[in-house]
1. If I ask for residues that are crowded, with 19+ Cβ neighbours inside 10 Å and out of contact with any Phe, Trp or Tyr (no Cβ under 7 Å at 6 or more places or on another chain), which ones from the range 235-263 would you list?
2. Looking at (1) of a type outside the set (D, E, K, R); (2) closer than 23 Å to Leu71 by Cα; (3) at pLDDT below 70, which one does Leu55 not meet, given that it meets all the others?
3. Assess whether Arg250 counts as being free of Cβ contacts under 8 Å to residues at least 40 places away in the same chain, out of contact with any helix residue (DSSP H, G or I) (no Cβ under 6 Å at 6 or more places or on another chain) and not aromatic (Phe, Trp, Tyr).
4. Take the residues of the range 126-161 that are touching a Ser or Thr at 6+ places or on another chain (Cβ under 7 Å) and under 18 Å from Ser62 (Cα atoms): which is surrounded by the fewest Cβ atoms within 10 Å (Cβ to Cβ)?
5. Somewhere in the range 198-212, is a residue touching a residue at least 40 places away in the same chain (Cβ under 8 Å), farther than 19 Å from Phe263 by Cα, of a type in the set (D, E, K, R) and part of a helix (DSSP H, G or I)?
6. Name every residue in the range 78-110 that is modelled with pLDDT under 95 and among the small types (Gly, Ala, Ser), in order of residue number.
7. Can you confirm whether Thr187 is in contact with a Gly (Cβ under 9 Å, 6 or more places away or on another chain) and over 18 Å from Ala241 (Cα atoms)?
Amino acid sequence: MGKRGKSGGRGRPAPGVVEVPKGVAPTGPVEGVYYIDTGDCELVADQDNSTGWLLKINGVMSSHIDLADPLFLDFEYMRWMAALIESRWPPSSSAGSPAGGGHKLRGLHLGGGACSMARYFSAAYPDARQVVVELDGKLAEYVRGWFDLPKAPLLRIRVGEARAVTETLTAQTRDFIIRDVFAGAHTPRPLTTAEFTAHAKRVLAPGGLYVANSGDAPDLKNAREDAATIAAAFKHTVIIADPAMLKGRRYGNMVMAGSDVPFGHDPQLRRRLLGGAVPAHLWDDAQVRAFAAGAPVRHDPAPTPSIDPHRPPDLTSSAR
């Protein structure tokens, strides 16, 4: 990964860094390291797919895009998310027709990366309206130029911090919310608390889905706390993951979801999850709550009391 700074003090970019002149928008992907607002990102051609590109952010693999096929999702957990959402709102078999008998699917993506999921749903639901919240404005600019994403109002990228943006949104205006925000290997804690989850629930329309990518180590402590927090907010929950992850045998991803209506028993969904390159199991609400039993629900830290400099000191409990 390239480092910030000049090479040899002569004003040349560090080796491997692609310099994009200010005010010039990229017109397609070019391999290399790019400086962004939050550090560096690296664009890598997929050696197994002539139209595929991998995006790393600060050294961590973030996204995959197939320029020729927006419906191709390389990351398994993204396929699980897509399967879950499509189980509730099956895409229309008629191209160009909205899903759900005239309903235009409304999605909110917290965490942008290469906008792989938003690009997928734009192809699966041509009339969908989606907003991607991305913290890094420079990254958002690059991604727009590299991957020819659908334009607003079909797909808008809003630069901002995910929680701050969510708290400003109108109630009951999104059918699904996907939380896929990471700083390194972890989701920032403010996006995992009961208070934040309540904001997400407020923004969801009746019957909506809150879907979270929960990464964890084999001890599953983070996953259990995530599950406990989501289960405390929603009446109905599910978890999707491969058996090794569910048994705490490796580091990986779990897809967790909450809703105010039951998920039902869709045999096609279960077959789809089992049929992937990494077969996944779906845990129902009872299994999720058993998994989360005893784990604490996360909360925002208590506010620090403000001190009034004009208030006289309390002398009623002087030291003895």
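1. Step one: list which residues in the range 235-263 are crowded, with 19+ Cβ neighbours inside 10 Å, which gives 237-242, 245-246, 252-259, 263.
Result: Thr237, Ala241, Asp242, Met245, Leu246, Gly252, Met254, Met256, Phe263.
2. Condition (3) is where Leu55 drops out.
3. no
4. Checking each candidate, the answer is Gly145.
5. So far as the range 198-212 goes, no, none of its residues is touching a residue at least 40 places away in the same chain (Cβ under 8 Å), farther than 19 Å from Phe263 by Cα, of a type in the set (D, E, K, R) and part of a helix (DSSP H, G or I).
6. Ser92, Ser93, Ser94, Ala95, Gly96, Ser97, Ala99, Gly100, Gly101, Gly102 - these are the residues of the range 78-110 that are modelled with pLDDT under 95 and among the small types (Gly, Ala, Ser).
7. Details: in contact with a Gly (Cβ under 9 Å, 6 or more places away or on another chain): yes; over 18 Å from Ala241 (Cα atoms): no.
Here the answer is no, as Thr187 does not meet what is asked.
To keep it simple, each residue is scored yes or no on (1) out of contact with any helix residue (DSSP H, G or I) (no Cβ under 9 Å at 6 or more places or on another chain); (2) closer than 20 Å to Tyr125 by Cβ; (3) part of a loop (DSSP other than H, G, I, E, B); (4) not polar (S, T, N, Q).
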position	(1), (2), (3), (4)
Met61	yes, no, no, yes
Ala68	yes, yes, yes, yes
Arg79	no, yes, no, yes
Ala82	no, yes, no, yes
Glu86	no, yes, no, yes
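The values are calculated or read from the model by the stated rules, or taken from the named source; none is laboratory data. Source: prediction; values computed, not measured. Methodologically, a virtual Cβ is constructed for each residue, glycine included, from the backbone with ideal geometry; neighbour enumeration extends over all protein chains shown.
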